[in-house]
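In what follows, a single structure is set out as structure tokens and then discussed.
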Amino acid sequence: MKQACSRRTMLGMGLGSVVLGACSRAISAIRTKPENTHQEVKRMPDMSEWNRYGEELEKLLRLRTSPIAVKMIEKEGDIPKEAIRPKRDRGYHIAQCQAFALSRREGTTVAMLKEDHWCPTALMAYGLVKQPEEVTQWSHPYTCFEPGKYVGIVTAPLKSATFQPDTVIMYSNTSQLRGLLMSLKVEDVPLVNGHFFPPSCSWAIYNPMTTGRYWVVLPDPGEYERALTGEDEMMFSIPPGRMETLIAGLRESSKGYFGYLNHHMFMMPDFPQPELYKRMFKQWGLDTK
């Protein structure tokens with residue numbers, strides 16, 4: 001029996017898959033206070049390692065677009081020489097979600113200063129302007145960086161970035177995200193937070209940077225309408241101090257049943273059980289054949 005599904009229904013189904021398959025709880029905090037979260041990695045990877053991590057994420061999860069290296073910049077001298085400035089170099093303004101799209105789809109390093117932006121949310125979220133009080137009347141609540149701390153933001157594909165990222169954003173479908181999250185150690189599951197309301201350009205950057213936690217973020221309407229983000233895509237932000245551990249877990253899980261590349265769609269009764277299932281069924285006195 002065929003049943004028509006609206007876009008809203010399909011997004012809801014995808015969201016449910018993430019919530020159930022990824023972690024036991026999804027936190028949609030009104031205000032997230034910075035916290036001192038222990039970083040597992042004692043050293044930061046060098047740039048060749050960061051670039052390799054970008055390639056591995058694409059390969060092990062078969063991502064359609066490149067994970068993005070994101071860095072908040074405190075002065076114009078921090079801008080990589082290869083970066084384009086939309087207004088200065090191309091004569092137009094773009095929204096931050098569109099800058100993400102240029103980096104992940106076209107491999108472009110993009111530096112966004114105040115004059116390059118065409119959407120007010122990112123300007124306020126990154127502290128490039130002061131947030132007017134009336135914003136709370138029309139916007140979902142979110143926390144902003146201190147005004148004046150940064151002059152802009154730069155993004156690039158992780159596999160070719162020339163700068164140490166403050167966070168990494170990965171766009172994936174829900175199945176790829178599930179495979180990534182299931183590679184985490186059980187004790188690391190509480191480090192996964194989620195937020196499913198706008199603005200995604202804030203939650204995907206401010207929160208992992210200030211909490212040191214992973215964040216699953218639902219792309220907001222601007223991502224869909226202006227940056228052409230797919231209806232099946234989710235955003236996953238990775239703090240730099242956790243990347244090495246995440247990649248190690250992903251490598252290990254790729255060898256076994258829970259690895260993303262080892263998942264194949266099939267619908268059959270009495271499907272071949274993994275050995276773990278067989279052992280458990282035998283303990284319960286149930287059939288294994």
Practice task
With the condition kept exactly as written, say whether any residue in segment 261-275 is in contact (Cβ under 8 Å) with a residue 40 or more places away in the chain and either in a loop (DSSP other than H, G, I, E, B) or under 29 Å from E106 (Cα atoms) (or both).
Solution key: yes
Problem - Unique match (being over 21 Å from E76 (Cβ atoms) and modelled with pLDDT of 95 or more) among S160, S183 - result: S160
Problem - The one condition in (1) in contact (Cβ under 8 Å) with a residue 40 or more places away in the chain; (2) touching a strand residue (DSSP E or B) at 6+ places or on another chain (Cβ under 9 Å); (3) among the basic types (K, R) that K185 fails to fulfil - result: (2)
Practice task
Quick one: which residue in V168, V154 is out of contact with any helix residue (DSSP H, G or I) (no Cβ under 7 Å at 6 or more places or on another chain) and assigned to a strand (DSSP E or B)?
Solution key: V154
Fill in the blank from the handout: Every listed condition ((1) modelled with pLDDT of 95 or more; (2) farther than 27 Å from L246 by Cα; (3) outside any strand (DSSP E or B)) holds for M112 save (3)
Problem - Matching residues in segment 207-238 - criterion: being of a type in the set (V, I, T) and either in a loop (DSSP other than H, G, I, E, B) or within 10 Å of the chain's Cα centre (by Cα) (or both) - result: V216, V217, T229, I238
Practice task
Go through the residues of segment 239-248 one by one and say whether even a single one is assigned to a loop (DSSP other than H, G, I, E, B), surrounded by 15 or more Cβ atoms within 10 Å (Cβ to Cβ) and at pLDDT 95 or above.
Solution key: yes
Handout entry: Among the candidates K81, K130, residue that is under 17 Å from T162 (Cα atoms), over 23 Å from the mean Cα position of the chain (by Cα) and not β-branched (V, I, T)
Key = K81
Completion exercise
Among T65, T121, the single one that is among the polar types (S, T, N, Q), assigned to a helix (DSSP H, G or I) and touching a residue at least 60 places away in the same chain (Cβ under 8 Å) is T121
Problem - Answer from T65, T32 - the residue that is crowded, with 16+ Cβ neighbours inside 10 Å, among the hydroxyl-bearing types (S, T, Y) and either modelled with pLDDT of 95 or more or over 16 Å from P239 (Cα atoms) (or both) - result: T65
Problem - Among the candidates T109, T121, residue that is farther than 16 Å from V154 by Cα and crowded, with 19+ Cβ neighbours inside 10 Å - result: T121
Problem - So S254, is it farther than 25 Å from A101 by Cα, out of contact with any strand residue (DSSP E or B) (no Cβ under 8 Å at 6 or more places or on another chain), of a type outside the set (V, I, T) and in contact (Cβ under 8 Å) with a residue 12 or more places away in the chain - result: yes
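The values are calculated or read from the model by the stated rules, or taken from the named source; none is laboratory data. Keep in mind that this is a model prediction, so the values were computed, not measured. For neighbour counting, all protein chains shown are included, and Cβ atoms are generated from backbone atoms with ideal geometry for every residue, glycine included.
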